[in-house]
1. In degrees between 0 and 90, to the nearest 10, how far off the longest principal axis of the chain does helix 62-78 point, with axes built from Cα atoms?
2. At most 11 other Cβ atoms within 10 Å plus a DSSP loop assignment makes a site exposed; report the longest stretch of the chain without any exposed trypsin sites (Lys or Arg not before Pro).
3. Helix 106-130: angle to the longest alpha-carbon principal axis of the chain, degrees 0 to 90, nearest 10?
4. Compute the signed sum of charges (Lys and Arg +1, Asp and Glu -1) over the other residues within less than 15 Å, Cβ to Cβ, of Trp69.
5. Quick check on the chain: helices-only [θ] at 222 nm, where DSSP H runs of length 4 and up contribute -39,500 (n - 2.57) each and the sum goes over total residues. Nearest 500, please.
6. Give the range of the longest stretch in the chain that excludes all GluC sites (Glu not before Pro) found in loop regions by DSSP and having at most 15 other beta-carbon atoms within 10 Å.
7. Expressed as a fraction of 2.2 N^0.38 Å, the rule-of-thumb size for a compact globular protein of N residues, what is the C-alpha radius of gyration of the chain?
8. Any idea what angle helix 33-55 forms with the longest principal axis of the chain, computed on alpha-carbon atoms, 0 to 90 degrees, nearest 10?
Amino acid sequence: MKQPTFFEGVALALVASLLGSTLYSVFSSIFPADAVLRLLIAGIGLAYVFYLLSRSHERVGRVTVVAGWTLATVVIWFIESPLMLYVLVHLGLIWLIRSLYFYSSVLSALADLGLNGLSLAAAIWAAGQTGSVFLSLWCFFLVQALFVAIPTRLNRRNRKTPAGLENEDRFQRAHRAAEAAVHKLSSIRQ
């Protein structure tokens, strides 16, 4: 599995925007617009989850993630929550999945949370300025494509130690192991 790239994210944004706006245009004339919008959010969100899982090196918990996503979507659908809460739940699930599968520090996960907030703000701004589903989805997923720029670790332990100290640590560990082995051998002979 290869790492996701920014250009792959841009292509995904284009596909999601074209597909989402086309489906919204077709189905909103037949069904209520709110129901179509909720179904599109769930469908595109699930497709994005599959994309994230396909790009992750982690193999554990994939079935649980999809089952959890489906359960959360069904529950939030049936309690008939406001549309903004519906969007926030899906956005929170995307953040949780990326935090679990792509980051190994809390600071990286918090940076991703900020990126999710920024992508939601961009989508709301685009919807308010243009009223276009295409541009809203485009702005949302274009900002989401930037998640590849967040390092997997954003803490001080990520810094490399100088070569001398690293070799000294190795030497100290080897020295202690040798002393323990000699001690064990000398206690067996007695």
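Read-outs: derived from the displayed coordinates by stated rules, not from any lab. Just so it is clear, the model here is predicted, and its values are computed rather than measured. Ideal geometry is used to build each Cβ from the backbone, glycine not excepted, and the neighbour counts take in all protein chains shown.
1. The answer is roughly 30 degrees.
2. The longest such stretch corresponds to 60-158.
3. 10 degrees
4. +3
5. Taken over the chain, the calculation gives -26500 deg cm²/dmol.
6. The segment 81-190 is the longest one with no such site.
7. Ratio of Rg to 2.2 N^0.38 Å for the chain: 1.48.
8. 30 degrees
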